[in-house]
Amino acid sequence: MEFRLAGPTDRKLVEDLWAYCFEPRENPFFQWYFSAFYKPENVLMGFKNREMACLTHLNPYKLSLRGKKIPVSYIVGLATHPAARRGGVGGKLLSAALKEMRCRKQYLNILMPSKAGFYQHYGYEMYCHQWKETIRLEELRPLTDKTVRFGFVNNTDQWTYLATVYDAYTRSVSGYAVRDEASWRSHIEAQLAEGYIAVAFQDDQPIAYVFYSLGGETIVSGEFVYSSWKGKRGLLDYIYNHRSQGKIFQWNEGLQDQSYRFYPDGKQGHETMPFMAGRVVDVKGALEQIPYPKGAEGVVTFHTEDPLAEWNTGSFTLAVKDGMGCVTAAGADEAEIFMPIGTLALLIFGAVDVNGLVFYEKLRGSDAALATLDEFFPRTNCYINEWY
């Protein structure tokens, strides 16, 4: 197969495959994405016998990872033409995408998998789950707070209302997308193409906001964010006031939230949803880019295997001092720890700690080396809510 980035004349091919696999052209999100967000230089196309077989979008993002801003590539819209399916095309496309990301110095990669099992085979692991809440509107009443006031966000100039709340919500988590003014304006445009944005205020201070859509029995929220318990209860009060327009409210929120303990019936409508997977693009680049805990110091040598990127297969020595890491190649007989590439991603993102990965047989090594690794990669609360 041959791979290349899209050019100006490829737009119809890109749009046609997206419309075939995802939303039709008349869908509001399709219209917004290809008019305001799409950039051909971020689309990698695969050709077989001169016919387009597959493509994916490599959207650039910055994540706050353990308190540091890290450039990553977010794979979206990965699609294979029906005539090219069941021939290993997906794996070849992912491998080509990793090479392109490495050239861009994006040493970590995220994607939202439709089927996690397919991507786990290629070195991806789920680093972020969310709570998925589904409650009948009539049952929201005990959770509401009527003392807050509400306003609509109707244009992108109001982005600071949302940014204030988002910054407070993400203050204690890792792995989330860093949003600047341009990205906020983009998020607002995308949401207003499909639905509404409401903000809850305490006096003049924004304390919560919700992206939502109407039109069916279930009112669906694409983003539900708050800076306080009062803000969350205020949003639920706002949705409760829509009983004439819907019967059920469905929203997602970070796993760090434990307010389900105080719901009238926490047994119903409360479940986890796998949301985002992470992957290492380049072992050396990733480990030298991320920060390490204050006081952590030492050296550990590990061996990893990567099914898609040969440059990641081998043994590496990681030395950490003063919050920074240095990676050098090592001999196979020097390795003290053994793990697949997906396990390294979970450690970097902080989704699972060393003891957990040992328990699940994703990691093995000497006790001393594992203790050092545990100092380097403490577990974190992970959250992200980017959909494209």
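The values are calculated or read from the model by the stated rules, or taken from the named source; none is laboratory data. Worth saying up front: this structure is predicted, and the values here are computed from it rather than measured. All Cβ positions, glycine included, derive from the backbone under ideal geometry; neighbour counts span all protein chains shown. Note: accessible area is taken over every heavy atom of the protein model, side chains too, but ligands, DNA and RNA are not part of it. Shrake-Rupley method; radii C 1.70, N 1.55, O 1.52, S 1.80 Å.
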I'd like to check something: does segment 229-250 contain any residue that is surrounded by fewer than 18 Cβ atoms within 10 Å (Cβ to Cβ) and without any contact (Cβ under 8 Å) to a residue 24 or more places away in the chain?
yes
Just wondering, is there one or more residues in segment 122-131 that are surrounded by 19 or more Cβ atoms within 10 Å (Cβ to Cβ), in contact with a strand residue (DSSP E or B) (Cβ under 8 Å, 6 or more places away or on another chain) and farther than 30 Å from THR80 by Cα?
yes
Considering segment 112-121, residues that are free of Cβ contacts under 8 Å to residues at least 60 places away in the same chain and not in a helix (DSSP H, G or I), and then whichever is farthest from the chain's Cα centre (by Cα), we arrive at LYS115
For segment 324-334, enumerate the residues that are touching a residue at least 12 places away in the same chain (Cβ under 8 Å) and open to solvent by 20 Å² or more (accessible area, probe 1.4 Å).
MET324, CYS326, THR328, ALA329, ALA330, GLY331, ALA332, GLU334
Is there a residue in segment 255-265 that is open to solvent by 30 Å² or more (accessible area, probe 1.4 Å), in a loop (DSSP other than H, G, I, E, B), more than 17 Å from ARG141 (Cβ to Cβ) and touching a helix residue (DSSP H, G or I) at 6+ places or on another chain (Cβ under 9 Å)?
no
By residue number, the members of segment 116-157 that are more than 30 Å from VAL281 (Cα to Cα) and either touching a Pro at 6+ places or on another chain (Cβ under 8 Å) or among the acidic types (Asp, Glu) (or both) are GLU133, GLU138, GLU139, PRO142, LEU143, ASP145, ASP157
Being within 19 Å of the chain's Cα centre (by Cα), assigned to a loop (DSSP other than H, G, I, E, B) and in contact (Cβ under 8 Å) with a residue 12 or more places away in the chain, is that true of even one residue in segment 207-217?
no
In segment 306-319, which residues are within 16 Å of LYS284 (Cβ to Cβ) and surrounded by fewer than 20 Cβ atoms within 10 Å (Cβ to Cβ)?
GLU310, TRP311, THR313, GLY314, SER315, THR317, ALA319
Within the bounds of segment 192-214, is there any residue that is open to solvent by 60 Å² or more (accessible area, probe 1.4 Å), touching a Phe, Trp or Tyr at 6+ places or on another chain (Cβ under 8 Å), modelled with pLDDT of 95 or more and among the β-branched types (Val, Ile, Thr)?
no
Name the single residue, out of those in segment 156-183 being over 24 Å from ASN59 (Cα atoms), modelled with pLDDT of 95 or more and among the polar types (S, T, N, Q), that is most open to solvent (accessible area, probe 1.4 Å).
THR164
State whether the residues of segment 124-137 include one that is part of a strand (DSSP E or B) and among the hydroxyl-bearing types (Ser, Thr, Tyr).
yes
Within the set of pairs 6 or more residues apart or between chains, which connect a residue that is within 23 Å of CYS103 (Cβ to Cβ) inside segment 263-281 to a residue that is among the hydrophobic types (A, V, I, L, M, F, W, C) and open to solvent by 20 Å² or more (accessible area, probe 1.4 Å) with Cβ atoms less than 7 Å apart?
ALA277/ALA116; ALA277/MET126
Need a quick list: helices (runs of 4 or more DSSP H) entirely within segment 283-385 having at least 1 residues that are modelled with pLDDT of 95 or more and within 30 Å of ALA190 (Cα to Cα).
341-349
Failed item in (1) open to solvent by 20 Å² or more (accessible area, probe 1.4 Å); (2) over 23 Å from PRO71 (Cα atoms); (3) without any contact (Cβ under 8 Å) to a residue 40 or more places away in the chain; (4) not in a strand (DSSP E or B), with VAL220 passing the rest
(4)
